[in-house]
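Working notes, structure below.
The values are calculated or read from the model by the stated rules, or taken from the named source; none is laboratory data. Model, not experiment: these values are computed from the prediction. Neighbour counts are summed over all protein chains in view; Cβ atoms, including those assigned to glycine, are modelled from backbone coordinates with ideal geometry. Just the protein is used for accessible areas: all its heavy atoms, side chains included, with ligands, DNA and RNA removed. Shrake-Rupley method; radii C 1.70, N 1.55, O 1.52, S 1.80 Å.
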Amino acid sequence: MSTVREVTYEVLRKLGMTVIFGNPGSTELPFLRDMPADFRYVLGLHERSAAGMALGHAMASGKAAFVNLHSIASVGNGLSAIIDSAYSHAPLVVTTGQQDRRQVLAEPFLVSRAVDVVKPYVKWACEPLRAEDVPAAIVRGYHLAMQPPMGPVFISIPMDDWTHECRAVDAREVTQIVLADPAALDAVVRALDSSSNPVIVTGSQIEEDGGWQEAIELAEHLGVDVYQEPIAPRVAFPRTHPLFRGNLLPAQQPLADQLAGYDTVVVLGAPIFLYYAYVPGNAIRPGTKLFQLTNSPLDASAALAGTSIVGNLASAMKYIRTHIRTRTRAAVSPAPPPPEPQPQYPITPGFLFSVLNRVMPRDAIICEECPSSKGDLDRYLRLDQPGSFYSVRTGILGFGLPAAVGLQLAHPKRRVVCPVGDGSIQYSIQTLWSAVQYNAPVIFVVLRNADYSALKGFCDFTSVGRNVPGMDIPGIDMVKLAEGYGMTAQEVDRAEDLEPALRAAFASQGPRLIIFNVAKGGQTCMGMDQSVNPPNYG
Ligand SMILES: Cc1ncc(C[n+]2csc(CCOP(=O)(O)OP(=O)(O)O)c2C)c(N)n1
């Protein structure tokens, strides 16, 4: 009879999880030994990087990625990537080693209570009761991870389990599309048909459910204004589309004010709503009809207002489009383009992103983590392709680098660009090594302002003042750090050197890191502009 180890590799193969993202330790060695030749091991030097690369891979492919971490030792380090995957709806099957069952009661070295640690952030956490249940637990975990809203599952595996005898396990088939209730969708159709001024808000679940094209068709059929959810982790509507009106603000009253002119609001695939700073107010102007279509029962139950309908976004949008009457609307003109930023010293983030927008291929993938420059990035990168934007959904720094490398590994034909702050990059800096080793040709665009500008902006926003320690990060030689991990790196100080540096990076085949010394401060937090500052909302 086969062993647990052999059957596990067999089910991983059947489930299409032949890449193992990990960082090994003693408790995983019995599994990893003699890894079959059709498997690929992607090593992260820190578990944030290993699980974070898996997260990027899962988001790009829409398929579960397999992660193998080291007992409790690395669940702590990898936890923020697991949390990211929960909130990003990215399917991960995370496994960790556990001490030998025969001595676990005696609290040996590296004993793990990881199952309890991860529970609030995974769809399922288990340590199988019997060794021979391990492969079946992985199959069950995979199918649960893949159910919308997709997310992480966690399985802790005692190190002596791998040599036990085990019967073959069927990988089974479990379908994933759950359709919204047509009667509930009819209510949305009726509301839109009787509305004089409706609006739609697009959210990242549109991308999760493969609804990019359907969202465009619905918006055009309705002829309505389109806003993007606040602090969007994915771009779900082309920024260049004439109906696109911009981002919603991540605070209650400012957001309600933005939508105050509309009588019916249909939110497609987003929470109601994702807020950052607390600016009290109504979720929506009283009297406005509000509907939410979501693939997430959690988002439906947590919405602050409106009627929520749970189901697949693409098919729900199609249902609405094919049941609603077409609206006739005078031709709309696109929102005016933002003013063209000028070359200055120091370089401004706005100028950097306007040049990047000009030189990057249209199908480039942006994986972003540059907190205080996010507003400029949103303004100047005119993304109009599906799957072209990824950002951290949780606010936990450390997402950008590993997600970029995972995205690049899953998308070898598209170039991934990772705009990242000089503070943010430090949380998962080891990923540079993985990018080099696995030749993931990501272009890391580091915005170096030598401080935590976003936090300074937040100090101003919340009126706590500037007398706060730990806001500056001088003295980091990013070129040396990158070169230390084997990566080609350069520093750009002057505006005239910016475009040639970016063009050279796009012309190169491998990963590289460019540090742009940019203007400090003066920018706003998470894309919020002055309209939400306390003078307006005291
Ligand atoms: C893991 C983690 N630690 C700390 C923070 C708090 N934080 C939010 S923004 C920020 C500054 C990031 O600096 P940088 O990447 O240089 O961007 P800048 O603010 O300068 O644009 C910090 C420390 C966080 N969100 N996540």
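Extending each Cα 7 Å along its Cβ direction at Leu110 and Val359, get the distance between those two points in nm, one decimal.
For the pair Leu110/Val359, the computed spacing is 4.6 nm.
Lysines within cross-link reach of Lys119: Cα-Cα under 30 Å, excluding same-chain residues under 8 positions apart?
Answer for Lys119, where 30 Å is the Cα cut-off: Lys14, Lys63, listed by chain and number.
With a/c under 1.5 counting as rounded, go ahead and sort the chain into rounded, prolate or oblate using the C-alpha gyration tensor (a ≥ b ≥ c being the square roots of the eigenvalues; past the cut-off, prolate if a/b is larger than b/c, else oblate).
oblate
Counting only residues 5 or more places away or on other chains, whose amide H sits under 5 Å from the amide H of Trp124 once H atoms are built in the peptide plane?
HN-HN under 5 Å from Trp124: Phe154.
So what is the accessible area of the chain per residue, in Å², with the probe set to 1.4 Å?
I get 39 Å² per residue for this part.
On full extension of the chain, what length is gained from Ala260 through Glu165, given 0.36 nm per residue of separation minus the C-alpha to C-alpha distance?
27.8 nm
What's the FRET efficiency of Asp181 with Thr326 using the Cβ-Cβ distance as r and R₀ = 35 Å, to the nearest 0.05?
So, using R0 = 35 Å, E works out to roughly 0.90.
In the full protein assembly as shown, how much of Asp116 is accessible to a 1.4 Å probe, in Å² to the nearest 10?
The accessible area comes out at roughly 100 Å².
Work out, step by step, the length gained on full extension between Asn282 and Thr394: first 0.36 nm times the residue separation, then minus their alpha carbon distance; give nm to one decimal.
Working: separation 112, 0.36 × 112 = 40.32 nm, distance 2.30 nm.
Result: 38.0 nm gained on full extension.
For the chain, which whole-number percentage of the solvent-accessible area (1.4 Å probe, protein heavy atoms only) is attributable to carbon and sulfur atoms?
Whole-percent figure for carbon plus sulfur exposure: 54.
Would you please put 432-442, 366-376, 302-312, 459-469 in order of how densely packed they are, using the mean number of other Cβ atoms within 10 angstrom per residue and starting with the highest?
366-376, 432-442, 302-312, 459-469
Between Gln437 and Glu491, take the C-beta separation as r, use R0 = 35 Å, and let me know the FRET efficiency to the nearest 0.05.
FRET efficiency, Gln437 to Glu491: 0.90.
Set the Förster distance to 41 Å, then compute FRET efficiency between Gln509 and Gln147 from the Cβ-Cβ distance, nearest 0.05. Present the calculation step by step, with values, prior to reporting the outcome.
Working: r = 39 Å, r/R0 = 0.94.
The formula returns an efficiency of 0.60 here.
What residues of the stretch 237-255 lie in the reach of a label at Leu304, counting those whose backbone N is under 12 Å from a point 7 Å from the Cα along Cα→Cβ?
249-255
Can you give me the C-alpha center-to-center distance between the stretch 20-86 and the stretch 457-524, rounded to a whole angstrom?
Comparing the Cα centres of the stretch 20-86 and the stretch 457-524, I get a distance of 28 Å.
According to a simple spin-label model (label point 7 Å from Cα along Cα-to-Cβ), what is the distance in nm between Ser196 and Gln103?
Between Gln103 and Ser196, the label points sit 7.8 nm apart.
Count the DSSP beta bridges whose two residues both fall in the chain, then state the antiparallel fraction as a percent rounded to the nearest 5.
Of the beta bridges lying entirely in the chain, close to 5 percent run antiparallel.
I need the phi-derived Karplus couplings for the stretch 332-348: 6.51 cos²θ - 1.76 cosθ + 1.60, θ = phi - 60°, integer Hz, Gly and Pro marked x.
The phi angles translate into 9, 9, x, 4, x, x, x, x, 5, x, 9, x, 9, 10, x, 4, 8 Hz.
To make sure I understand the rule: partners must be aspartates and glutamates, Cα under 12 Å from the Cα of Lys520, and not fewer than 8 residues away in the same chain. Which ones qualify?
Reachable aspartates and glutamates: Asp422, Asp451, Asp472.
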